[in-house]
Amino acid sequence: MLKYFEKIGSYALHYFNEAGRMGIFFFYSVISIVKPPYKVFPVIKQTYIIGTLSIFVILFTGAFTGMVLGLQGYHTLSKFGAEGLLGSAVALSLIRELGPVLAALMVTGRAGSAMCAEIGVMRISEQIDALECMAIDPHKYIVAPKFIAGVISMPLLTAIFDVVGIFGGYLVGVGLLGANEGMYFSSMYKDVEFNDVYMGFVKSLCFGVLITWICSAKGFFVHLIRDGGFGAEGVSRVTTDAVVLSSVSILVFDYFLTSVLL
């Protein structure tokens, strides 16, 4: 019985220590953003990696998400004779919820995993230790550009996702199922308000911070993972953990942000 409680306490202490490490990591990363010197090229490079290289998957996912919304929305609204509200239903679903969440999940799978693996390899190959020996702050050199790029890229990718999804819903609802084109856009114009766009914008900013924070921290502390696994095995484990934790955090924070912003 004592061994059972000892094991529970060991796991609890481990996760408390990990939460503390990630909190300190976030603090130092934010401080390093505002600390000089300021270099633009690393931010541009990370924005290209996180944002530009994610555009294709965002376009593809956004188009089919909008098409599914148009298909399901039309058949649901037609039962109540409200096909004219299809445009607002698709737009509000995308702008408020699906756009920020699905775009963040796609970026987590494409860019977040690569970010975690890159920093993890730098840790196990002792590149981060070498930077510290040369008195170079690894948070400033490695993490800060990723944070800035994540905050810049996520709102833009979410906006692209929303626009493509709206036209995907138009393609299915109007072009395929025969909904009224004028009503599609007029209902959208009437029902979508600034607060809806603001909600999606705030969510995308928070998700950008979450993705870069969790994925960078997991890779940065790959040498401290529980039960060993240092090396290639450790990098693969923390990359999987980073994607899972980021995805779950996005869904959890989506609920809390929605409850605050509604």
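Show the residue pairs that are 6+ apart or on different chains and have beta-carbon atoms under 6 Å apart, the first residue being within the range 198-223 and basic (Lys, Arg), the second being assigned to a helix (DSSP H, G or I).
That search, which allows pairs on different chains as well, returns 203/100; 203/257; 218/116; 218/238; 218/241; 218/242.
Of everything in the range 226-257 that's within 14 Å of residue 117 (Cα to Cα) and in a loop (DSSP other than H, G, I, E, B), which residue is modelled with the lowest pLDDT?
230
Specify which of the listed residues (31, 119, 55) is more than 19 Å from the chain's Cα centre (by Cα) and within 29 Å of residue 140 (Cβ to Cβ). Steps first, please.
Numbers: 119 fails: more than 19 Å from the chain's Cα centre (by Cα); 55 fails: more than 19 Å from the chain's Cα centre (by Cα).
Matching residue, one of 31, 119, 55: 31.
Just one of the numbered conditions (1) surrounded by 11 or more Cβ atoms within 10 Å (Cβ to Cβ); (2) modelled with pLDDT under 90; (3) part of a helix (DSSP H, G or I) is not true of residue 8; which one?
Going through the list (1) surrounded by 11 or more Cβ atoms within 10 Å (Cβ to Cβ); (2) modelled with pLDDT under 90; (3) part of a helix (DSSP H, G or I), residue 8 breaks only (1).
Just checking: which of the helices (runs of 4 or more DSSP H) contained wholly in the range 77-188 hold 1 or more residues that are within 19 Å of residue 251 (Cα to Cα) and at pLDDT 90 or above?
Values: elements: 86-92, 99-107, 113-124, 127-133, 144-170.
Ranges flagged: 86-92, 99-107, 113-124, 144-170.
Return a yes/no flag: does the range 206-221 have any residue that is more than 30 Å from residue 76 (Cα to Cα) and either touching a strand residue (DSSP E or B) at 6+ places or on another chain (Cβ under 9 Å) or surrounded by fewer than 16 Cβ atoms within 10 Å (Cβ to Cβ) (or both). Spell out the reasoning first.
Start the filter on the range 206-221 by keeping residues that are more than 30 Å from residue 76 (Cα to Cα), which leaves 206-221.
Cutting the leftovers down to either touching a strand residue (DSSP E or B) at 6+ places or on another chain (Cβ under 9 Å) or surrounded by fewer than 16 Cβ atoms within 10 Å (Cβ to Cβ) (or both) gives us none.
Checking the range 206-221: not a single residue is more than 30 Å from residue 76 (Cα to Cα) and either touching a strand residue (DSSP E or B) at 6+ places or on another chain (Cβ under 9 Å) or surrounded by fewer than 16 Cβ atoms within 10 Å (Cβ to Cβ) (or both).
Scanning for something of a type in the set (A, V, I, L, M), more than 23 Å from residue 182 (Cβ to Cβ) and in contact (Cβ under 8 Å) with a residue 12 or more places away in the chain, does the range 83-98 turn up at least one residue?
To start, the set of residues in the range 83-98 that are of a type in the set (A, V, I, L, M) comprises 85-86, 89-92, 94-95, 98.
Filter once more, so that each one left must be more than 23 Å from residue 182 (Cβ to Cβ): 98.
Of the ones still in play, those that are also in contact (Cβ under 8 Å) with a residue 12 or more places away in the chain are 98.
Checked against the condition, which is being of a type in the set (A, V, I, L, M), more than 23 Å from residue 182 (Cβ to Cβ) and in contact (Cβ under 8 Å) with a residue 12 or more places away in the chain, the range 83-98 yields at least one hit.
Looking only at the range 108-131, which residues are in contact with a Cys (Cβ under 7 Å, 6 or more places away or on another chain) and not small (Gly, Ala, Ser)?
115, 116, listed by residue number.
What is the number of the single condition among (1) surrounded by fewer than 24 Cβ atoms within 10 Å (Cβ to Cβ); (2) of a type in the set (A, V, I, L, M); (3) touching a Leu at 6+ places or on another chain (Cβ under 7 Å) that residue 90 does not meet?
(1)
Can you confirm whether residue 78 is surrounded by fewer than 15 Cβ atoms within 10 Å (Cβ to Cβ) and either more than 19 Å from residue 108 (Cα to Cα) or of a type in the set (S, T, N, Q) (or both)? Break it down into steps so the answer makes sense when it comes.
Values: surrounded by fewer than 15 Cβ atoms within 10 Å (Cβ to Cβ): yes; either more than 19 Å from residue 108 (Cα to Cα) or of a type in the set (S, T, N, Q) (or both): yes.
Answer is yes for this residue.
The values are calculated or read from the model by the stated rules, or taken from the named source; none is laboratory data. Because the structure is a prediction, the values reported are computed rather than measured. Cβ atoms come from the backbone with ideal geometry, glycine included; neighbour counts cover every protein chain shown.
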